[in-house]
Amino acid sequence: MHIIVCVKQVPDTANVRINPETNTLMREGVESIMNPFDEYALEEALKLKDAHGARVTVISMGPPQAEVVLREAMARGADDVVLLTDRAFAGADTLATSYAIAQAIKKVNAKPDLVLFGKQAIDGDTAQVGPGVSEFLNVPLVTYVKSITVSDGTFTVETQMDEGVDVIEGRMPAVMTVVKEASAPRFASLSGWMAAKKTAIPRWGAKDVGAAAAMCGLDGSPTKVVKIFAPPTKTGGVRMDGREEPSAAVEAILKALQDKGVA
Amino acid sequence: MADTPIIIDSGKCRGCKKCITACPFDALYMEGKLAVLRPEECRACNACVKACPFFAIATNAKEEVKQADLGDFKGIWVFAEQHHGQVQEVAYELLSTGRRLANDRGCELAAVVLGHNITDSASYLIAAGADKVYVVDQPELAEYEANVYTDALNQLIAKYKPEVILAGATAVGRAFFAKVAVRSRTGLTADCTALSIDKESHLLHQTRPAFGGNIMATIMTPNHRPQMATVRPKVFKMMTPDSKRKGATLMEALQLVAASTRIVRTERNAMSVNISEAEIIVAGGRGLKKAENLEQLKKLADLIGGVVGVSRACVDAGWISAAHQVGQTGRTVCPKIYLAFGISGAIQHLEGMRASDTIIAINNDPNAPIFGIADLGIVGDLFEILPMLIEAVESKTKRQ
């Protein structure tokens, strides 16, 4: 079995700050991490490898420094990794990104058994690239997967839908996106890190994966950014100090609830 | 030189750093006295192009070849998601917004329903604002399957050429719209919180949060059709349905591809919550200190007819399932009342609940960010206030 996992390096949005004067992102000092949802996807792949034996290949598209997340993936147990990096990919929206990643997957293996993504990346939050890749690969798609079992070329997965769980069956190959209700990601072992540090990571550009220039980066992106602005701030309402007189605070809460027809 | 979204003319750059301040993405930096681009961070927003006083920065976007037939695409469509014949609320919210957009654009508003035994839904969709309803009623569409749904909608797009298509940013909408957009080779903007028709270009302006809600971006799809967007549930208000509204129902019979996966079992039990639809949410965070204290929240929630929500910290600590998590990596909620106990209000959390009607926050830290958006903010000890509140509500209910 060959499983390909796609991971993205993202700024840890929990620590992203906005410059209040210019309303722009301040990246300085913000750590780059493996997209948390992708960690769950990688974990599902590694669990299948543990159970059945599988080759796990991890692909990341991003700047040269995204190599770090690929080394992390190797340290956790990925067999091989590829960094998809090229200035020609700059400015890519989800269509151009899906195309470039699908081209890279085809070069790794024209017929992988499973291709796994995290549900979404925490910087873009679109959840569109996994489904987009399934379209370019012409492979069935299952989203919001929380567990995967395979046997004999077929898979059974549980998916976390809005109002409960669906159990879905199908034949491989398939593209899946994984949610955080899946198993907690493992830690990398020390020996894993030592080995991963020494590995030379292959870098592929647009030409290496046979990507047409017109479909890459800005030129291949139908969506354009018109403007960027700071989110509207809702200003706080009534403030109370409930430390001295908690009963007054309780009264105020009750009143607020009653105003809305509750309690 | 490979293509980058913008080009900096080093002969013209005077090192004034105006572009660096202007860039929302921190994609420019100084190398000596010259501005240099980190192309991988650039989103081609052209803020630097406008900011440069020396005209040293130019956009590198090639004059796009427009699809010759852009003008053939007409009308606004809303994908009316239904589960077992029940049209989802978000579809009605989209119809009310779609109605406004269609009026601004001077075009028709249509709803599209895919499913089986769903013909009844057409009259509701017309009452909710649709001029026309396309119904595909076939057994293969009874349950959502990404490939079959993609095929059905793409056939309709190819046949009728809508200018704009909207869907709810639900588990179903987000996944299969991404496939539809790729198959049509057009743009899709996810999770929009505002939509409008630009007066000059007549294009759909799609606004969405990015970077965990730290910034908002307005996006358009100028040269590809249809223009596609998914919209968060509960962002737009439903219109009051008008049963006197007239509209046309068009039944479509399609030759569809076979499903590639099938649902073998569906688990919907009383324990599964859908906090996105809740009217009242009693939420807790790290300040609860331990899992047992969630019981108190549950008790209050039961008393006032609400559900329990939590911040990410509680889920990461293993206190409760991720289905209860509010925020960027959890669910977006928009209840009438959001009671927050011991939630400080990380931006990711606020992003998921800021649209709530009334926010009541109780926290012992006077500087907790959640107070910035709370309608009623109480600095205090939740372990003191929560039991008193439960008691007060209990005694009130008994009296009634």
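The range A:115-191 holds strands (runs of 3 or more DSSP E) entirely within its bounds, and those carrying 2 or more residues that are more than 8 Å from chain B (Cβ to nearest Cβ) and touching a Leu at 6+ places or on another chain (Cβ under 9 Å) map to A:141-151, A:174-178. In summary, strands (runs of 3 or more DSSP E) completely within the range B:1-113 and bearing 2 or more residues that are more than 25 Å from the chain's Cα centre (by Cα) and away from chain A (no Cβ under 14 Å) occur at B:34-37. If you go through the range A:194-204 and keep only what is surrounded by fewer than 16 Cβ atoms within 10 Å (Cβ to Cβ) and assigned to a helix (DSSP H, G or I), you end up with A:M194, A:A195, A:K197, A:K198. Is at least one residue of the range B:348-361 over 20 Å from the mean Cα position of the chain (by Cα), assigned to a loop (DSSP other than H, G, I, E, B) and either within 10 Å of chain A (Cβ to nearest Cβ) or over 12 Å from B:V282 (Cα atoms) (or both)? No.
Please verify whether A:R239 is outside any loop (DSSP other than H, G, I, E, B), at negative phi and either over 20 Å from the mean Cα position of the chain (by Cα) or more than 7 Å from chain B (Cβ to nearest Cβ) (or both), treating the condition exactly as stated. Let's see the steps before the verdict.
On the way: outside any loop (DSSP other than H, G, I, E, B): yes; at negative phi: yes; either over 20 Å from the mean Cα position of the chain (by Cα) or more than 7 Å from chain B (Cβ to nearest Cβ) (or both): yes.
Criteria met by A:R239.
Restricting the range B:135-187 to residues that are part of a loop (DSSP other than H, G, I, E, B) and of a type in the set (V, I, T), the residue that is farthest from the chain's Cα centre (by Cα) is B:T186. When restricted to residues that are closer than 20 Å to B:Q82 by Cα and free of Cβ contacts under 8 Å to residues at least 40 places away in the same chain, the range B:158-187 contains 5.
Does the range A:48-66 contain any residue that is away from chain B (no Cβ under 11 Å), surrounded by 16 or more Cβ atoms within 10 Å (Cβ to Cβ) and at pLDDT below 95? No, there is no match, as no residue in the range A:48-66 is away from chain B (no Cβ under 11 Å), surrounded by 16 or more Cβ atoms within 10 Å (Cβ to Cβ) and at pLDDT below 95.
Under the condition of being farther than 21 Å from B:A248 by Cβ and not acidic (D, E), the residues counted in the range B:111-140 number 2. Looking across the range B:292-323, the residues that are closer than 28 Å to B:A392 by Cβ, touching a residue at least 40 places away in the same chain (Cβ under 8 Å) and within 11 Å of chain A (Cβ to nearest Cβ) come down to B:L300, B:L303, B:I304.
Could you list, in sequence order, all residues of the range B:359-370 that are crowded, with 17+ Cβ neighbours inside 10 Å, over 17 Å from A:P232 (Cα atoms) and free of Cβ contacts under 8 Å to residues at least 24 places away in the same chain? Once the filter is applied, which keeps residues that are crowded, with 17+ Cβ neighbours inside 10 Å, over 17 Å from A:P232 (Cα atoms) and free of Cβ contacts under 8 Å to residues at least 24 places away in the same chain, the range B:359-370 yields B:I360, B:A361. The set of residues in the range A:62-111 that are acidic (D, E) and either assigned to a helix (DSSP H, G or I) or in contact with a Cys (Cβ under 8 Å, 6 or more places away or on another chain) (or both) comprises A:E67, A:E72, A:D86.
The values are calculated or read from the model by the stated rules, or taken from the named source; none is laboratory data. This structure is a prediction, so every number in the text was calculated from the model and none was measured. Don't worry about glycine lacking a Cβ; one is built from the backbone with ideal geometry, like all the others, and counts go over all protein chains shown.
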